[in-house]
Amino acid sequence: MNTTRIISPSLLSADFSKLQYECEMINRSEAEWLHIDVMDGVFVPNISFGFPVLKAVKKHCAKVIDVHLMIVEPEKYIERFAKAGADVITVHLETLKNPFDTLRAIRDLGVKVGVTINPDIPVSSLCGLVGQVDMVLLMSVFAGYGGQKFIEDTWARIEELKAIVADENPDCLIQVDGGVNTENAPKLFDAGVNVLVAGSAVFNSSDPMETIHRMLHNTI
């Protein structure tokens, strides 16, 4: 089992008026990644960042840029996101007409490949795909908004995914996004999750760098 442990703070919860400052704080922190949610107002009922913001972030952030595409027809845009600075591109299985083709196209761009599903999509739908990706993201809330409460069914879904990963691709990272905080972060890591996306818990805290440290190092 992969024992990697990474915090990927979600820029969605940052103060956009201080984008450079927020990126520089992430650079100083123990977070290895920065998570960027791209929403189109179609696949999810919200609109967020596009290519100009990603390019601006890339200028100031020295960490891995972890891009989560919550958009329809992602295959049309993956090359532009790679050129804009994405190091990891994760796409929703629900949006893919030809999953293997899209995942291969992402890899051919020289970036890491991720696939994700919303909480209402069976984990079993990932069977046969895990061997094609570097990471699987399990949404622990419904994609589209920050600050939602962690869905408790996620624990069972993690266990189901771990079995698929062990069978198809033991090096594959497991990422969880939604409702992650200092209380459940150590439990999620202990459950076998490798990458935790945390938005409001980090950026809304009085000391974001200390919050990241606690998420990584607190024990149950």
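Throughout, read-outs are computed from the coordinates displayed, never taken from laboratory work. Remember, it's a predicted structure, so these values are computed and weren't measured experimentally. Every residue, glycine among them, receives a Cβ derived from its backbone with ideal geometry; neighbour counts consider all protein chains shown.
Which Cys residues of the chain have no other Cys beta carbon under 4.7 Å away?
Here Cys127, Cys172 come out as lacking a disulfide-compatible partner, given the Cβ-Cβ threshold of under 4.7 Å.
Show that you can apply the helix-only estimate: for the chain, add -39,500 (n - 2.57) for every DSSP H stretch of four or more residues, divide by all residues, and state [θ] at 222 nm to the nearest 500.
Computed mean residue ellipticity for the chain: -9000 deg cm²/dmol.
Compute the signed sum of charges (Lys and Arg +1, Asp and Glu -1) over the other residues within less than 11 Å, Cβ to Cβ, of Arg214.
-4
For Ile71, which sequence-distant residues (separation of 5 or more, or a different chain) have an amide H within less than 5 Å of its own amide H, given hydrogens modelled in the peptide plane?
Distant-sequence amide H within range of Ile71: His92.
What does the charge add up to near Leu109, with Lys and Arg as +1, Asp and Glu as -1, over the other residues with Cβ less than 12 Å from its Cβ?
+1
Compute the relative contact order of the stretch 91-164 as a whole-number percentage, counting only Cα pairs closer than 8 Å that sit 6 or more residues apart in sequence.
28
Less than 13 Å Cβ to Cβ from Thr154, Lys/Arg counted +1 and Asp/Glu -1: what total charge do the surrounding residues give?
Cβ neighbours under 13 Å give a net charge of -2.
Based on the Cα atoms of the chain, what semi-axes does the equivalent ellipsoid have, where each is the square root of 5 times one gyration tensor eigenvalue, given in whole Å with the largest first?
The equivalent ellipsoid of the chain has semi-axes of 23, 22, 15 Å.
Which links in Lys76/Lys149; Lys18/Lys112; Lys18/Lys149; Lys76/Lys187 stretch past 30 Å when you go from one Cα to the other?
As for pairs spanning more than 30 Å Cα to Cα, those are Lys76/Lys149; Lys76/Lys187.
Can you give me the long-range amide H partners of Ile6? Hydrogens built in the peptide plane at 1.01 Å from N, cutoff under 5 Å, separation of 5 or more residues or another chain.
Here the answer is Val195, Leu196, since their amide H atoms fall under 5 Å of that of Ile6.
Going by how many other beta carbons lie within 10 Å of each one, how would you line up Ser8, Ser17, Ser124, fewest first?
Sorted ascending by nearby Cβ count, the order is Ser17, Ser124, Ser8.
Work out which helices of the chain, taken as complete DSSP H runs, extend at least 24 Å along their axis over the Cα atoms and score a mean Kyte-Doolittle of 0.0 or more, then list them.
Result, helices passing both filters: zero.
Between the stretch 59-138 and the stretch 145-220, what is the C-alpha centre distance in whole Å?
So the two Cα centres are separated by 19 Å.
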